[in-house]
Amino acid sequence: MDLWIEDQLDLLLKVKTKSEFLSGLTKAAELLEFDYFAYGLRINMPLSSPKIEMINNYPKTWQDQYGAQNYLAIDPTVRHGMQSMRPVVWSEELFMDARPLWDDARSFGLRYGWAQSTLSMPGISGLLTLARSSKKIDQKELVRKSNLLVWLTQIAHQGLQEIILPELLPEASEKLTNRETEIVRWTADGKTSCEVSMILGIAERTVNFHLNNVMSKLNVINKTAAVVKAIQLGLIV
């Protein structure tokens, strides 16, 4: 049975649109015996105003309530996902400091849930949640489905990132040349253009030329922002 489910999950890698992913993840949740799924992609660029893209099959009334009450700001599963990639199961204790959210969710039939975060690069993370109205999630079920749940999280993150990033963050597809990468690394170490020119044995104007190219590629206005975004996008390590 699990091998058949794995085959179904693999099909998600072939979808090309958000609507197809919505259908695919809904089916995957059903195969894993959950009524609902939610996936949130967080792009921490710019740092002062992260972008969040969400896709889910929750009842429309619950989606409206969650947004109207700004539950995203107090959701403990989101907070946990930003701090750890360990899975977490919904519980009274987990929602102790977010009782209104917990009570509201249960009133909409969202009583049992599981969440797992993932990270593809320093600036991009995701959180997959599966939920249902009945049947408590016990340790035996977690052991049996653990690998499938983690695999689904990775597929969701990879697939939605490929679909969404070109629209929300086109610079994510940019590549730096070897020379650009070298210069950005030295700049990240606090070296000035003059110092980088001496280290690499090239003219200072050449260093600035490459830095300007990097700033243009990454859609930033100065070299400090270029360094930060290059690190977030995994362009320098």
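What follows is calculated from the coordinates using simple rules that are stated; it is not laboratory data. Quick caveat: nothing in here was measured; it's all calculated off a predicted structure. Cβ coordinates were reconstructed from backbone atoms using ideal geometry, including for glycine residues, and neighbour counts include every protein chain displayed.
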(message) Below 15 Å, Cα to Cα, which aspartates and glutamates can Lys14 reach? Residues fewer than 8 away in the same chain don't count.
(response) Glu6, Glu162
(request) Report ³J(HN,Hα) in whole Hz for each residue of segment 26-38, in order, from the Karplus equation J = 6.51 cos²θ - 1.76 cosθ + 1.60 where θ = phi - 60°; Gly and Pro get x. (result) 4, 5, 4, 4, 4, 4, 8, 6, 10, 7, 9, 9, 8
(request) Kindly provide the helix-only [θ] at 222 nm of the chain, computed as the sum of -39,500 (n - 2.57) over DSSP H runs of four or more divided by all residues, to the nearest 500 deg cm²/dmol? (result) -16000 deg cm²/dmol
(message) Let's see if you can work this out: charge +1 on each Lys and Arg Cβ, -1 on each Asp and Glu Cβ, no other charges. What is the dipole magnitude of the chain about its Cα centre, in debye to the nearest 20?
(response) 220 debye
(message) From Cα pairs below 8 angstrom and at least 6 apart in sequence, can you work out the relative contact order of segment 87-237, rounded to a whole percent?
(response) 20 percent
(request) Please work out the FRET efficiency for the pair Lys140 and Glu167, using the Cβ-Cβ distance as r and a Förster radius of 35 Å; give the result to the nearest 0.05. (result) 0.25
